[in-house]
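Student: Quick one: this structure, given as structure tokens, is what I'll be asking you about.
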């Protein structure tokens, strides 16, 4: 399918570049965004427990048995489905590099399965009409919620950032959303992901039983997630994923990825042109004064950066770490009775406690880092406000304040010049090694007391309190500070670099105005009118192409 939003955004950026082609202002972000919009895909992970029937559902959508079914949880990998006339399988390593390509056949899937630990995820390219018709949607067959947590944790963290909408599959055999599934779904909602729900294998129960199960799960979704939804029923005779795909508002999803960012960019470009126009009225002396003031502004930004960096650990990181650790311990402590009920299921106990910690870490680390980034931004914003002898205070500073009003998503726009510095990505990147480290921590503790202690609930609750919680607390306090420091330093540097870039742009605009002034000394009003026309053209393009969904 061809998305109207994608077409509009491409045409908008192409025409913006056309309007500005004779103006010597920085158009790098326009070109970068154009390339991004042109190749952007909408990634739709399909998640559920190991035996919920995800691969079967996707095969039915494809119209052929492409994906292997019945593979073991230990060998499951996230598998993206892409349309291409050149059919193949590509395997990617943990650092997101393509490591191997295979022909598309059963033998290749067997080879991949045998070497699953070497890979992070797969891309399967198919010459398939269903995929062709669904472009730019990309469905992903995810490891089960109940797969070994290391593989699922890696996959879910990877696709928390990349996924724009998640399809949740649960079977009539399960009959409900497990506690762990609810925690995983809350993780998705933390990052504002849309959810669709499918009830699978409905042919295995009577219609009345299916109705009862469906109502029960819908009530769970309402009670635990505060969502009102209708489960789509899947059986061997229908194509439930196609029904879900038809209901997903791809236009809205695509627009959400770029609309605010494009409007922000357009505002910046218009401000740049206005700055050049206003600078026409500067004498050489005034222009030099403005540039010198901007140079001092760079030094002030550097001072702010160094001051925040010097106090990073004491005032920000350590406070955040203590808050996160406290919340994680509270979550584990609150679940002691439930965990103790798993008295005869050590593997499930292990899995559940890891899941509880994972959800708490994601939620609370995200909250703390967002809070700190907003604080950083306000400090930099204050420096721009002090540059009141230049147009910066009425341009970038206003945009930055507007970003603070809109919250962290708008702030991400400001930091998006270098995607690695976005708070969103940093949270996920920071949590990956931490969660991986925790995976090696708990099995040893848990195995020892399941082996050596009497299996009584009261004793197990006490063991959680005196052995598990102190060990978790120790490990978190050992690992989290370094991760938070790195995360916040990167974010701080990204904000500083962006601020300095804005000042550089302002210097360039003043210099450009002086250059144009010398070239068109007797025709300044005409040059101003040309720039005014370009500002109006950019405004018209926004009205034409950047309409709210």
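The values are calculated or read from the model by the stated rules, or taken from the named source; none is laboratory data. Fair warning: this is a prediction, and the values are worked out from it, not measured in the lab. When we count neighbours, we look across all protein chains shown, and the Cβ atoms used for this are built from the backbone with ideal geometry, even at glycine.
Student: Taking the condition out of contact with any strand residue (DSSP E or B) (no Cβ under 6 Å at 6 or more places or on another chain) and crowded, with 21+ Cβ neighbours inside 10 Å, does residue 36 pass? Please lay out each step first, then the result.
Tutor: On the way: out of contact with any strand residue (DSSP E or B) (no Cβ under 6 Å at 6 or more places or on another chain): yes; crowded, with 21+ Cβ neighbours inside 10 Å: no.
So residue 36 does not fit the description; no.
Student: Does residue 516 satisfy being at pLDDT 85 or above, under 22 Å from residue 28 (Cα atoms) and assigned to a helix (DSSP H, G or I)? Talk me through it step by step, then tell me what you get.
Tutor: Details: at pLDDT 85 or above: no; under 22 Å from residue 28 (Cα atoms): yes; assigned to a helix (DSSP H, G or I): yes.
Answer is no for this residue.
Student: Which is outside the structural domain of residue 134 (by TED's automatic domain parsing), within 29 Å of residue 142 (Cβ to Cβ), at pLDDT 90 or above and out of contact with any helix residue (DSSP H, G or I) (no Cβ under 6 Å at 6 or more places or on another chain), of 31, 36? Working first, answer last.
Tutor: Working: 31 fails: within 29 Å of residue 142 (Cβ to Cβ).
Step by step, each of 31, 36 is checked, and only 36 is outside the structural domain of residue 134 (by TED's automatic domain parsing), within 29 Å of residue 142 (Cβ to Cβ), at pLDDT 90 or above and out of contact with any helix residue (DSSP H, G or I) (no Cβ under 6 Å at 6 or more places or on another chain).
Student: Quick one: how many residues across the stretch 515-528 are surrounded by fewer than 17 Cβ atoms within 10 Å (Cβ to Cβ) and either touching a helix residue (DSSP H, G or I) at 6+ places or on another chain (Cβ under 9 Å) or closer than 12 Å to residue 276 by Cβ (or both)? Let's see the steps before the verdict.
Tutor: First, the residues of the stretch 515-528 that are surrounded by fewer than 17 Cβ atoms within 10 Å (Cβ to Cβ): 515, 518-526.
Adding the requirement that they be either touching a helix residue (DSSP H, G or I) at 6+ places or on another chain (Cβ under 9 Å) or closer than 12 Å to residue 276 by Cβ (or both) leaves 515, 519-520, 524.
The total comes to 4.
Student: Looking at the structure I just gave you, is residue 7 part of a helix (DSSP H, G or I), assigned by TED's automatic domain parsing to the domain that holds residue 144 and closer than 25 Å to residue 131 by Cβ? Talk me through it step by step, then tell me what you get.
Tutor: Values: part of a helix (DSSP H, G or I): yes; assigned by TED's automatic domain parsing to the domain that holds residue 144: no; closer than 25 Å to residue 131 by Cβ: yes.
No, not satisfied.
Student: Further question: Restricting to helices (runs of 4 or more DSSP H) lying wholly in the stretch 124-238: which have 1 or more residues that are free of Cβ contacts under 8 Å to residues at least 40 places away in the same chain and surrounded by fewer than 20 Cβ atoms within 10 Å (Cβ to Cβ)?
Tutor: Numbers: elements: 129-134, 149-162, 179-190, 207-225.
Here the list reads 179-190, 207-225.
Student: Next up: Can you pull out every residue in the stretch 519-549 that is more than 25 Å from residue 14 (Cα to Cα) and outside any helix (DSSP H, G or I)?
Tutor: Those that are more than 25 Å from residue 14 (Cα to Cα) and outside any helix (DSSP H, G or I): 520, 521, 522, 523.
Student: Given (1) surrounded by fewer than 18 Cβ atoms within 10 Å (Cβ to Cβ); (2) part of a helix (DSSP H, G or I), identify the lone condition not met by residue 244.
Tutor: Unmet for residue 244, out of (1) surrounded by fewer than 18 Cβ atoms within 10 Å (Cβ to Cβ); (2) part of a helix (DSSP H, G or I): (1).
Student: Scan the stretch 239-248 for residues that are out of contact with any helix residue (DSSP H, G or I) (no Cβ under 8 Å at 6 or more places or on another chain) and in contact (Cβ under 8 Å) with a residue 40 or more places away in the chain and report the count.
Tutor: Within the stretch 239-248, the subset out of contact with any helix residue (DSSP H, G or I) (no Cβ under 8 Å at 6 or more places or on another chain) is 243-244, 246-248.
Retained after the next criterion (residues that are in contact (Cβ under 8 Å) with a residue 40 or more places away in the chain): 244, 247-248.
Of the residues in the stretch 239-248, 3 are out of contact with any helix residue (DSSP H, G or I) (no Cβ under 8 Å at 6 or more places or on another chain) and in contact (Cβ under 8 Å) with a residue 40 or more places away in the chain.
Student: Another question, if that's okay. Taking residue 255 as the residue in question, decide whether it is surrounded by 16 or more Cβ atoms within 10 Å (Cβ to Cβ), in contact with a helix residue (DSSP H, G or I) (Cβ under 8 Å, 6 or more places away or on another chain) and under 30 Å from residue 129 (Cα atoms). Can you show your working first?
Tutor: Numbers: surrounded by 16 or more Cβ atoms within 10 Å (Cβ to Cβ): yes; in contact with a helix residue (DSSP H, G or I) (Cβ under 8 Å, 6 or more places away or on another chain): yes; under 30 Å from residue 129 (Cα atoms): yes.
So residue 255 fits the description; yes.
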